[in-house]
1. Please give the average number of partner chain Cβ atoms lying within 10 Å of the Cβ of each residue in B:48-54, rounded to a whole number.
2. Applying a 10 Å radius around every beta-carbon, put B:297-306, B:120-129, B:206-215, B:225-234 in order of their mean neighbour count, most first.
3. Mind ranking A:39-49, B:362-372 by how tightly packed they are, going by the mean number of other C-beta atoms within 10 angstrom, highest first?
4. Return the FRET efficiency for the residue pair residue A:48, residue B:349: r is the Cβ-Cβ distance, R0 is 22 Å, and the value is rounded to the nearest 0.05.
5. Run the simple label-point estimate for residue A:84 and residue B:135 please: 7 Å along Cα→C-beta, distance reported in nm.
6. Mind checking the mean number of beta-carbon atoms from other chains within 10 Å of the Cβ atoms in A:52-64?
7. Quick check: pseudo-label points 7 Å beyond the Cα along Cα→Cβ at residue B:171 and residue B:45, how many nm apart are they?
8. Please determine, in degrees from 0 to 90 and to the nearest 10, the orientation of helix B:102-130 with respect to the longest principal axis defined by the Cα atoms of chain B, where the helix direction is its Cα long axis.
């Protein structure tokens, strides 16, 4: 693992699972080495994290925290990757080509938090990248500073922004 | 919700045709829209458009104290809302290291398996209807009605139960519940062979489902398929076995797996799972211990800062909740990983090259619920 990420891996530890389960691998990596780390996680015979579990982004104020969860069918254990990005420049390389299952998770994360996934097939086309919200929506509602603008008619939701 | 063209059908310059399915055709089991590019009768490409049921539930979770989160989860997968209640409650319990009494764990398993039966019966009825068999629906809903009556006697609701809560369950089993469930289970086990005669061995049904919508094992893994979709593709993956929660590790049940990967395999997995749920229910009532039904939770629950996640096997697959606390009474972030969302993301890959008529069969075999897709 260290070989794949070099100094981009900021923390790496085995930790106990939520219950009696096998322990899971938790690591904090920088966006720069994310793809190398992910490829190793998927392909290394001792790791083989072949199942894309989940992706969740959290707005922490000045930073955005991305949480990737993987599962290995072969070894029956989980891996969690934490990536911290600056809120002002939230860009991370895509992993949707490593695990196709991350395609929609990344689109949702962009839609809700405005994280850019560099190299995603729809990167650079915000209207097509949006997934749950209408394509002409403005802003990213899961940012803590997001201010919804209502038209005054709660049945029809936001009509115009500013 | 990308890609909005008003026209229902549009001719392309190269002779192809774009057909807009949805968002309200009866066969999508919810408000799903598919933009299908056709070449004659064959699908060239397909773009699912979702978000019509988006209510911003995850953001609403952030604005409420922990103990008020569970009622919202009823509106995720509304065909199996107890399973959603469980995933949310478990995440809260893990975040705050709350232990759940054993009796409550058994009651939770009973409730979840009943809800799984109800959900699979809906699948059985609606999937049959998707491919043109109308009778099965009446049988399925007759049986499901008995489950809903039982759950209504226990929880007071027929769909939005809100009955698995952080710490345990709010009340013990009502009088006559065990007898009611066990007699239902006995009747259901007698009914299932009838379903096989009615539908599974019907030649038209087999022609519509066998070899249709094949998902290879590799594709299922790469997309993160779980639940009956994964198990219909030869992947023995059931979170009740791989990461047992509640008391599933003490119960004896099998995980049905079929290798074919087609609509029939996914259908068979769900039918076999009904027998296994029946087995689990019988064991739960046999082993049900006496004791408390809930751990007392403080009025204002403040878990320590940190994050936690739960993984549960809902009728549709891996339903997982990620939760992050900053030490305040409200969660900082709650995220629901919905199996239907993941399975829908496979559609563009699955539908390439199939006939238009099979689109509905394939969609039906994924058994998606749009409530948890859109959240």
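What follows draws every value from the coordinates through simple rules; no lab data is involved. Since this is a predicted model, take the numbers as computed values, not measurements. Cβ sites come from the backbone with ideal geometry, for glycine too, and all protein chains shown count toward neighbours.
1. Across B:48-54, the average partner-chain Cβ count within 10 Å equals 4.
2. B:225-234, B:120-129, B:206-215, B:297-306
3. B:362-372, A:39-49
4. Step by step, r from the Cβ atoms, then E = 0.50.
5. Distance between label points: 6.5 nm.
6. If you average over the peptide's residues, the count of other-chain Cβ atoms is 5.
7. The answer from the label model is 5.5 nm.
8. 20
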